[in-house]
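What follows is calculated from the coordinates using simple rules that are stated; it is not laboratory data. These numbers come from a predicted model, not from an experiment. Here the Cβ is made from the backbone with ideal geometry for all residues, glycine too, and neighbour counts use every protein chain on show.
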Amino acid sequence: MAGATTDTKFPLRIVLVGKSGAGKSASGNTILGRKAFEEDASPEPVTMASTCQSAEIDGRNVSVIDTPGLFSTSMDEEKVKDEFDKCILRSVPGPHAFLLVVRLGRFTQDEKSAVRWIQEHFGEDASRYTLVLFTGADQIENKTLDEFLSPSKEIQDLIDYCGGRYHAFKNKDKQNLTQVPKLMQKIEKMVMKNGGKHYTNEMYEEAERKMKEEEERRKTAEKRETRNKYIKGFAAGAVTAVIGAGVTVAVVANPATAAKIITTAAAAVCEKAGNHLANVRL
Ligand SMILES: Nc1nc2c(ncn2[C@@H]2O[C@H](COP(=O)(O)OP(=O)(O)OP(=O)(O)O)[C@@H](O)[C@H]2O)c(=O)[nH]1
Ligand SMILES: [Mg+2]
């Protein structure tokens, strides 16, 4: 954001939620300034999995998590749960902003249930981190955004639930250079109001704990594999050394010299193995 000091430029995580066709992926693309997510005017849901894409916006790393239409969906319950869990994992340790994406002029029962859905899934507190992002602002004719929004009590309730925060995108208008900075300013303001903190709750803490455990497990397995490789390598070395010593014995045909050669060779192998293994502790 223009004017922000460098120390406020911590990475931002933004989660897009909304019903299928609302324009979540298109909005993600507008924010990131590239075609990061597939968008389409299909009557069928387009995004089937939660994915995360990042870009640097005005010197700040911004990650956008696009999700399938998780509420009011034809997906079976298990798949919805799976994708919801993935959305959580992609946004660990927690998002700075939830953007509730709503297509202008298509406010239906689904959007009304969005509030309940967010509360039920992310927790009551999530509303403090939520901003309504209207799409299709290029398609409202002869009216300002406020003129378009104000007659609808439902929309007003939705905006109120989100602390009065909303923004509108014209996702088809690629020449519009102000809509993303303006959104970022609104998000920035919300983050400041939340003490610069991202949203988190037990669900995120649990997901983060599991991710750390998984990372530890992976590192331990990697170290074990490296150590096993060394052990195999040195075993092969030892066999070669002993065979070499045997050959030497045969050549010099002197038992006393042979014993000395074998002992020296074995000691050298053991010392080398010991040195390497000392560097590969688990
Ligand atoms: N004119 C116009 N079209 C838009 C706007 N935003 C999105 N669209 C179009 O609406 C259609 C649906 O947008 P998507 O971004 O795919 O919708 P979605 O919410 O990701 O849908 P799912 O992936 O099915 O959940 C696409 O054809 C978009 O190009 C907008 O601001 N203006
Ligand atoms: Mg999509």
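Estimate the FRET efficiency between Lys193 and Ala55 by the formula 1/(1 + (r/R0)^6), using the beta-carbon distance for r and 30 Å for R0, to the nearest 0.05. Mind dumping the intermediate values first?
Numbers: r = 24 Å, r/R0 = 0.82.
It comes out at approximately 0.75.
Count charges around Arg128 for me, please; just the other residues with Cβ under 12 Å from its Cβ, Lys/Arg as +1, Asp/Glu as -1.
Combined, the nearby Lys, Arg, Asp and Glu give +1.
In whole angstrom, how far apart do the alpha carbon centroids of the stretch 180-198 and the stretch 6-40 sit?
The two parts, judged by their Cα centres, are 15 Å apart.
Scan the stretch 52-155 for GluC sites (Glu not before Pro) in coil per DSSP, keeping those whose Cβ has at most 15 other Cβ atoms within 10 Å, and list them by number.
When the GluC sites (Glu not before Pro) of the stretch 52-155 are filtered for loop state and at most 15 Cβ neighbours within 10 Å, Glu141 remain.
If each residue of separation counts as 0.36 nm, what is the full-extension length gain between Glu216 and Lys174 once their alpha-carbon separation is subtracted? Walk me through the intermediate numbers first.
Details: separation 42, 0.36 × 42 = 15.12 nm, distance 4.40 nm.
Contour length minus Cα-Cα distance gives 10.7 nm.
Using the Cβ atoms and a cut-off under 12 Å, what net charge is assigned to the surroundings of Tyr161, where Lys and Arg are +1 and Asp and Glu are -1?
On the way: positive: Lys112, Arg116, Arg128, Arg165; negative: Glu111, Glu124, Glu154, Asp157, Asp160.
Here the charged neighbours net out to -1.
Scale the Cα Rg of the stretch 6-200 by the rule-of-thumb value 2.2 N^0.38 Å and send over the ratio, two decimals.
0.95
Could I have the simple spin-label model distance between Ala236 and Glu78, label points 7 Å from Cα toward Cβ, reported in nm to one decimal?
Spacing of the two 7 Å Cα→Cβ label points: 4.5 nm.
Do any trypsin sites (Lys or Arg not before Pro) in the stretch 109-151 lie in a loop, going by DSSP, with at most 15 other beta-carbon atoms within 10 Å of their beta carbon, and if so which?
For trypsin sites (Lys or Arg not before Pro) across the stretch 109-151 that sit outside H, G, I, E and B with at most 15 neighbouring Cβ atoms in 10 Å, the list reads Lys143.
Using Cα positions and a limit of under 29 Å, work out the lysines in reach of Lys232, with same-chain residues fewer than 8 apart set aside.
Lys232 reaches Lys219, Lys223, Lys260, Lys272.
Just list whichever of Lys19/Lys143; Lys86/Lys212; Lys143/Lys172; Lys24/Lys81; Lys35/Lys172 have alpha carbons separated by over 23 Å in the model shown.
Values: Lys19/Lys143 25 Å; Lys86/Lys212 16 Å; Lys143/Lys172 18 Å; Lys24/Lys81 19 Å; Lys35/Lys172 12 Å.
With Cα atoms farther than 23 Å apart: Lys19/Lys143.
How big is the dipole moment of the stretch 45-143 about its Cα centre under a simple scheme where the beta carbon of each Lys and Arg is +1, that of each Asp and Glu is -1, and everything else is neutral? Debye, nearest 20, please.
In total the dipole reaches around 220 debye.
Quote the Stokes-Einstein diffusion coefficient, in whole µm² s⁻¹, for the stretch 12-82, based on the Kirkwood radius over alpha carbon pairs, a temperature of 20 °C and a viscosity of 1.002 mPa s. Provide the component values of the computation, followed by the final result.
Working: Rh = 12.5 Å.
The calculation lands on 171 µm²/s.
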